[in-house]
4 protein chains.
Amino acid sequence: MLAFECDYLEGAHEKILNRLIETNMEKLPGYGADPYCASAREKILDACQCPEGEVFFLVGGTQTNATVIDGLLSSYEGVVSAETGHVNCHESGAIEASGHKVITLPHHEGKLDAGELEGLLKTFWGDETYEHMVFPGMVYISHPTEYGTLYTKDELKGLHQVCKAYGIPLYMDGARLGYGLAAHGTDVTLPVIAEYCDAFYIGGTKVGALCGEAVVFPKKERVPKHFFTTIKQHGALLAKRRLLGIQFDTLFTDGLYMEVSRHAIRMAEVLKQGLKEKGYGFHIDSPTNQQFVVLENKKLEELRKEVSFSIWEKKDADHTVVRFATSWATKEEDIRKLLALM
Amino acid sequence: MLAFECDYLEGAHEKILNRLIETNMEKLPGYGADPYCASAREKILDACQCPEGEVFFLVGGTQTNATVIDGLLSSYEGVVSAETGHVNCHESGAIEASGHKVITLPHHEGKLDAGELEGLLKTFWGDETYEHMVFPGMVYISHPTEYGTLYTKDELKGLHQVCKAYGIPLYMDGARLGYGLAAHGTDVTLPVIAEYCDAFYIGGTKVGALCGEAVVFPKKERVPKHFFTTIKQHGALLAKRRLLGIQFDTLFTDGLYMEVSRHAIRMAEVLKQGLKEKGYGFHIDSPTNQQFVVLENKKLEELRKEVSFSIWEKKDADHTVVRFATSWATKEEDIRKLLALM
Amino acid sequence: MLAFECDYLEGAHEKILNRLIETNMEKLPGYGADPYCASAREKILDACQCPEGEVFFLVGGTQTNATVIDGLLSSYEGVVSAETGHVNCHESGAIEASGHKVITLPHHEGKLDAGELEGLLKTFWGDETYEHMVFPGMVYISHPTEYGTLYTKDELKGLHQVCKAYGIPLYMDGARLGYGLAAHGTDVTLPVIAEYCDAFYIGGTKVGALCGEAVVFPKKERVPKHFFTTIKQHGALLAKRRLLGIQFDTLFTDGLYMEVSRHAIRMAEVLKQGLKEKGYGFHIDSPTNQQFVVLENKKLEELRKEVSFSIWEKKDADHTVVRFATSWATKEEDIRKLLALM
Amino acid sequence: MLAFECDYLEGAHEKILNRLIETNMEKLPGYGADPYCASAREKILDACQCPEGEVFFLVGGTQTNATVIDGLLSSYEGVVSAETGHVNCHESGAIEASGHKVITLPHHEGKLDAGELEGLLKTFWGDETYEHMVFPGMVYISHPTEYGTLYTKDELKGLHQVCKAYGIPLYMDGARLGYGLAAHGTDVTLPVIAEYCDAFYIGGTKVGALCGEAVVFPKKERVPKHFFTTIKQHGALLAKRRLLGIQFDTLFTDGLYMEVSRHAIRMAEVLKQGLKEKGYGFHIDSPTNQQFVVLENKKLEELRKEVSFSIWEKKDADHTVVRFATSWATKEEDIRKLLALM
């Protein structure tokens, strides 16, 4: 059985496991005060070219989004997201559970539009009747988006400028950030993100780690007050944070994070090219590790006997959009087998 | 430098790391549907002699307490705890953040008294004025407690009977459960706990795992409805839950969990005996891996140059209570060195 | 200056004030145990033809929605609402503040469609991937809607049947319920509502009272457990609940509630007829006390010097939709003056 | 039947009802923008000698506490209260429902001690381990307390200085504030409170109004940002806020608030004196409108056939503490009748 249903099918990159073994019996202080967290923090800030920033290591994506958003918002504020945003759709109400509304705007292949954002924000300044509504206190975007698409540098700058004009932070969910950074043709780099976002996270779980997400605040003064306590309150403080520190220290040593990300993109390109040659259509032109392919329902039924993949949405009576995901661990040989079956 | 400040100084038992490596490249479904979670669940239910139960794997202690308590309570209910309970003191308000009051009762070396519990509960049934107060919707205990003490089987039965009489669940925080089960003279076993508690968790983080706590509901029908969604809402759902399944599967294979727990207790006994022989007094007579020793302040200052330990509380003007913790990873040689310094 | 901007411009119907004066020095028990609350409850259940039901008196609309919704939902559930629903737009995040997501569906002149509701609900039963989403735990509708429109009896029945099939309650926000019941051509009566809704509230604030909303559960067994405590927790428990009991007792004596409601509808009809004769267009054909009229912007600027009204939305570059509201207190003479100005 | 069980037995002072009638048909803007709210605000700030302050009118006590506390705290903070504080005991978890822990200190006849408060606060500054606990973000006191006792000016100053030193606000619950201000021998006045508290509320419900509490922020810059929205989010925003404005405007015209308060104190003094003469003992020496009297159980049973009062607590096997409350509406003739029965 071939498996392409997601990018978290395997454990971790072997370098990470080796490092866990090497350091295993060192006695280290808990809760993030160990030298591996410190080293990982330094390497990440270096890669982002924001030495004055701060980094926190959390365990998973939903937890990270809920913790950062709760830290950045006042109780009367909500977070603006594309209607397709992960925080709006697939986090079981984690944002609302900490008391905040997700305020939605239309999506454009998963992305927010700066003009529409400004249209929303400007109604909230100056008019009393808006005091009966939830204030937009920050903006959430994901990069890559849920559709595998990417913002351009200019689009990010546009969102940044609107947020800055209205004095609210821009936060990027980077669950699959590596696959976005490694995509062909993108002009968005870690330093670009650090310039335009007030907070973002570099996803580990889907990019070679067992678990873990690194939250970056490019400017230390933008870290929410007593954020450590907020992390603990959200149940997101690992006693053995070394587990996260060692993983990110490894991923940010000798460019491993980008190396594994580029591998996933190469695999996605092989798949994409192969499918195109066989005449398959794509629901969206994704430059990242998620490929959304249109299948005839009959073909789908046949294929699923030998391959696992995700059902994305119904296209029409006879066709369905399915998702194939590659990752740091995908073998080219498996892609070839998949193409042979198509 | 000798280190005795807590029981989460090292990584994980080597058998766990080896198992992670062996299984690393297997492609497994996410979110708990993998065979290692299934196998670990079966072994745990077997050890607890409650084959009809259910098990969920979460990441850390505060997260587990917040998720289980939120799952078990209605919005108008609170959780009863000893005033010294971890949920009341050291979880940064995680319980209140999900809307629930921690209702406190006095502690007796960290333990709740069944009679006092009944005194509280009986006021809430039948009298309308209590509708202005938070209903006690469940009871939280820890075993071992924050003071390293243990309930007896009869004490547990007493709490169980009161809870049953008032129709509310009894929940046990077992962050250090192994060290409680392995203590000399205890008559509390996993099957006893499964008989008297409606929910409890078997701690992994402090007992040989990198991270992870196994929540057990001895009766499947007592699992909160849609608990999977509640776990996700609390940010407690690991995408690669295999990380938890493999660890617990290893810990519950060939009695490893009890073996490493007994080691910690042996180390604590060596320490205790040695200190007694040297004339040191104990704040509390703890049968588990945490030892609370009374030190002269002068001795304390001297010792901390070569040993790390926890300051527990001030005893009097000249004395302080300190805590030394042993664990699955403590070396007898280090205990000997510590004793030599005392 | 003529005032038509809302239906809460004046105090209360004089019969209510008189009753407050007559009963003022009676010593009555607090928190709802007084005979006026009891009498009002009985009269309301009688009017709704559901003698086995239960009634609670709360103070205002947002408070009532937040309290009832929090009472009816489990922590992992959200409330389904039209995207234009008051709970989604104009309650400052009160629903989310108690931890619940507002799950939106498209609106049809403010109304939910039973077919679209079923489409949403059916995806949540049987498929595990939906466990990552917020469960729809109840349905919220308003009658009249925010657009002044009304459900037909058949439409209500349709929603009722879908809710019943999926086992979730249907809740109606009746902030302006009187004006809906008194509208011409409606086949929806209090007994119809009591038959099809699991909970609803009869608005007082906008229909002749100083404040107050009466929450009706047609079947006592559907009242959320310990709902009194939930009311208190939401800060919605008035010490002198007599203030609410006396008002509703008066409104439901000798048909006063319907009498004042019919007056508002008569006034709205005079206005509507007059505007039609003058050639004005309507944004929506509203049969209730809110009339949405299209004005040229020039006319709007001129008119607002002498009349207060609400700006609803921009129609096009030159036209704006404005709202005129009548109420129990509107004088026909003022309608005539308004028409003369148009 | 004589009734002394609480201070909210009757409706409102007749001057308030008259004013409601006089203003009833005036068309006024909603949500607090009416001239009566403005006038009441001005009179209150004048009485408090803090013309630069701000006033908000809310409906009831629990609602006011929950709204103000939620407005003043960040999500990681809790409120410090005496263990007997109303927010800790009798508000059904309203504070926790908005996510905040009530951090308790011992009480001294219902009062907090400034030294004990400082002892708590100083542990939170400078030591990292406290980041695992809930930060004390503000202090809650009540005046009079739940025991009818009063702070002295010096005691208030002491609390104020501690709060100021640690940079957190001091908030006073004044549900019965009038009865505290009118007590014999107190040196605490409204200007004193405005000097030492960052926020407080002047209770209306128990001091002559139908409902309503006036929240005062002596310094406008200490009002929580967008507090109007927070009020709405808590369901505490009355559409017809005139109902609150008119009541407070009347209470603060020609000293009515103090006049009715002094009456209640006079009645309490007559009762106290009479009971002392008859040899009754008091549980606490209360200078305010609540008197806590020790009754033999036999006497209690006899008395309750003709008088309603509150059972406070068991004194010993044969005696019970009961509470008699006077109010603005108490008749001296009823006090005489009560004394005759004792």
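The values are calculated or read from the model by the stated rules, or taken from the named source; none is laboratory data. Bear in mind the structure is a predicted one, so any value in this text is a computation, not a measurement. Cβ: placed from backbone, ideal geometry, glycine included. Neighbour counts: every protein chain shown. Calculation scope for accessible area: heavy atoms of the full protein, side chains included, ligands and nucleic acids excluded. Shrake-Rupley method; radii C 1.70, N 1.55, O 1.52, S 1.80 Å.
Restricting to region C:280-302, give me the number of residues that are open to solvent by 10 Å² or more (accessible area, probe 1.4 Å) and closer than 19 Å to C:Lys331 by Cβ. Final tally of qualifying residues: 0.
This table checks each residue for (1) modelled with pLDDT under 95; (2) more than 17 Å from the chain's Cα centre (by Cα); (3) farther than 22 Å from C:Gly167 by Cβ.
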position: C:Ile193; (1), (2), (3): no, no, no
position: C:Lys206; (1), (2), (3): no, no, yes
position: C:Ala209; (1), (2), (3): no, no, yes
position: C:Lys220; (1), (2), (3): no, yes, no
position: C:Thr229; (1), (2), (3): no, yes, yes
position: C:His234; (1), (2), (3): no, yes, yes
position: C:Phe248; (1), (2), (3): no, no, yes
position: C:Leu251; (1), (2), (3): no, no, yes
position: C:Val260; (1), (2), (3): no, no, yes
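Could you check, for region B:116-135, whether at least one of its residues is open to solvent by less than 20 Å² (accessible area, probe 1.4 Å) and in contact with a Lys or Arg (Cβ under 7 Å, 6 or more places away or on another chain)? Within region B:116-135, one or more residues are open to solvent by less than 20 Å² (accessible area, probe 1.4 Å) and in contact with a Lys or Arg (Cβ under 7 Å, 6 or more places away or on another chain).
Filtered by the rule that a residue be open to solvent by less than 10 Å² (accessible area, probe 1.4 Å) and free of Cβ contacts under 8 Å to residues at least 60 places away in the same chain, region B:178-191 gives a lone residue, B:Val188.
Number of residues in region D:145-166 that are assigned to a loop (DSSP other than H, G, I, E, B) and of a type in the set (A, V, I, L, M, F, W, C) equals 1. Between A:Lys305, A:Lys299, the distinction of being outside the structural domain of A:Leu177 (by TED's automatic domain parsing), more than 27 Å from A:Leu251 (Cβ to Cβ), modelled with pLDDT of 95 or more and in a loop (DSSP other than H, G, I, E, B) belongs to A:Lys305 only.
Could you list, in sequence order, all residues of region D:136-158 that are more than 17 Å from D:Ile265 (Cα to Cα) and either out of contact with any Lys or Arg (no Cβ under 9 Å at 6 or more places or on another chain) or surrounded by fewer than 24 Cβ atoms within 10 Å (Cβ to Cβ) (or both)?
D:Pro136, D:Gly137, D:Met138, D:Val139, D:Tyr140, D:Thr152, D:Lys153, D:Asp154, D:Glu155, D:Leu156, D:Lys157, D:Gly158
C:Ile284 meets the conditions (1) under 21 Å from C:Ala183 (Cβ atoms); (2) not in a loop (DSSP other than H, G, I, E, B) in every case but one. The failed one is (2). All conditions in (1) touching a strand residue (DSSP E or B) at 6+ places or on another chain (Cβ under 9 Å); (2) touching a residue at least 60 places away in the same chain (Cβ under 8 Å) hold for D:Ile103, with the sole exception of (2). Residues in region A:265-292 that are within 22 Å of the chain's Cα centre (by Cα) and of a type in the set (Gly, Ala, Ser): 2 in all.
Here D:Val223 meets each of (1) surrounded by 23 or more Cβ atoms within 10 Å (Cβ to Cβ); (2) in contact with a strand residue (DSSP E or B) (Cβ under 6 Å, 6 or more places away or on another chain); (3) among the hydrophobic types (A, V, I, L, M, F, W, C); (4) touching a residue at least 40 places away in the same chain (Cβ under 8 Å) with one exception, condition (1).
Restricting the first member to region D:32-46 and to residues that are of a type in the set (Gly, Ala, Ser), and the second to residues that are at pLDDT 95 or above and assigned to a helix (DSSP H, G or I), the beta-carbon pairs closer than 7 Å and six or more apart or on different chains are D:Ser39/D:Asp249; D:Ala40/D:Gly245; D:Ala40/D:Phe248; D:Ala40/D:Asp249.
State whether one or more residues within region B:192-215 are open to solvent by less than 10 Å² (accessible area, probe 1.4 Å) and of a type in the set (Asp, Glu). Yes, region B:192-215 has at least one match. Of all residues in region D:25-45, those satisfying the criterion of being open to solvent by less than 10 Å² (accessible area, probe 1.4 Å) and of a type outside the set (Gly, Ala, Ser) are D:Asp34, D:Cys37, D:Ile44. Filtering region A:93-130 to residues that are within 14 Å of chain B (Cβ to nearest Cβ) and part of a loop (DSSP other than H, G, I, E, B) leaves A:Gly93, A:Ser98, A:Gly99, A:His100.
Here D:Leu17, D:Leu28 are screened, and the one residue that is farther than 28 Å from D:Ala194 by Cα, at the interface with chain C (Cβ under 7 Å from one of its Cβ atoms) and touching a residue at least 12 places away in the same chain (Cβ under 8 Å) is D:Leu28. Might you let me know whether region B:191-204 holds any residue that is part of a loop (DSSP other than H, G, I, E, B), closer than 30 Å to B:His263 by Cα and touching a Gly at 6+ places or on another chain (Cβ under 7 Å)? Within region B:191-204 (the criterion being part of a loop (DSSP other than H, G, I, E, B), closer than 30 Å to B:His263 by Cα and touching a Gly at 6+ places or on another chain (Cβ under 7 Å)), the answer is yes, since at least one residue qualifies.
When only residues in region B:1-24 that are buried (at least 16 other Cβ atoms within 10 Å of the Cβ) and acidic (Asp, Glu) count, which is farthest from B:Gly245 (Cα to Cα)? Per the stated criteria, the residue is B:Glu5. Set side by side, the residues B:Glu306, B:Glu277, B:Glu269 differ, and just one is open to solvent by 60 Å² or more (accessible area, probe 1.4 Å) and in contact (Cβ under 8 Å) with a residue 24 or more places away in the chain, which is B:Glu306. For region C:309-338, enumerate the residues that are over 23 Å from the mean Cα position of the chain (by Cα) and either within 30 Å of C:Leu251 (Cβ to Cβ) or free of Cβ contacts under 8 Å to residues at least 24 places away in the same chain (or both). Passing the criteria: C:Lys314, C:Asp316, C:Ala317, C:Asp318, C:Glu332, C:Glu333, C:Asp334, C:Ile335, C:Arg336, C:Lys337, C:Leu338. Where residues in region D:11-40 are assigned to a helix (DSSP H, G or I) and among the polar types (S, T, N, Q), which of them is nearest to C:Asn18 (Cα to Cα)? Taking the candidates together, the pick is D:Asn18.
Out of all the residues in region B:40-61, is one or more among the basic types (Lys, Arg) and either in the same structural domain as B:Gln290 (by TED's automatic domain parsing) or touching a Gly at 6+ places or on another chain (Cβ under 7 Å) (or both)? No: zero hits. Of all residues in region A:223-246, those that are within 18 Å of A:Glu42 (Cα to Cα) and among the charged types (D, E, K, R) total 2. For region A:46-58, the condition of being among the polar types (S, T, N, Q), in a loop (DSSP other than H, G, I, E, B) and surrounded by fewer than 24 Cβ atoms within 10 Å (Cβ to Cβ) holds for at least one residue. In region C:229-263, which residues are more than 9 Å from chain D (Cβ to nearest Cβ), without any contact (Cβ under 8 Å) to a residue 12 or more places away in the chain and either assigned to a helix (DSSP H, G or I) or touching an Asp or Glu at 6+ places or on another chain (Cβ under 9 Å) (or both)? Matches in region C:229-263: C:Glu259 only.
The set of residues in region C:59-92 that are in a strand (DSSP E or B), surrounded by 24 or more Cβ atoms within 10 Å (Cβ to Cβ) and at the interface with another protein chain (Cβ under 9 Å from one of its Cβ atoms) contains only C:Gly78. Counting the residues of region A:311-342 that are part of a strand (DSSP E or B), open to solvent by less than 100 Å² (accessible area, probe 1.4 Å) and at pLDDT below 95 gives 3.
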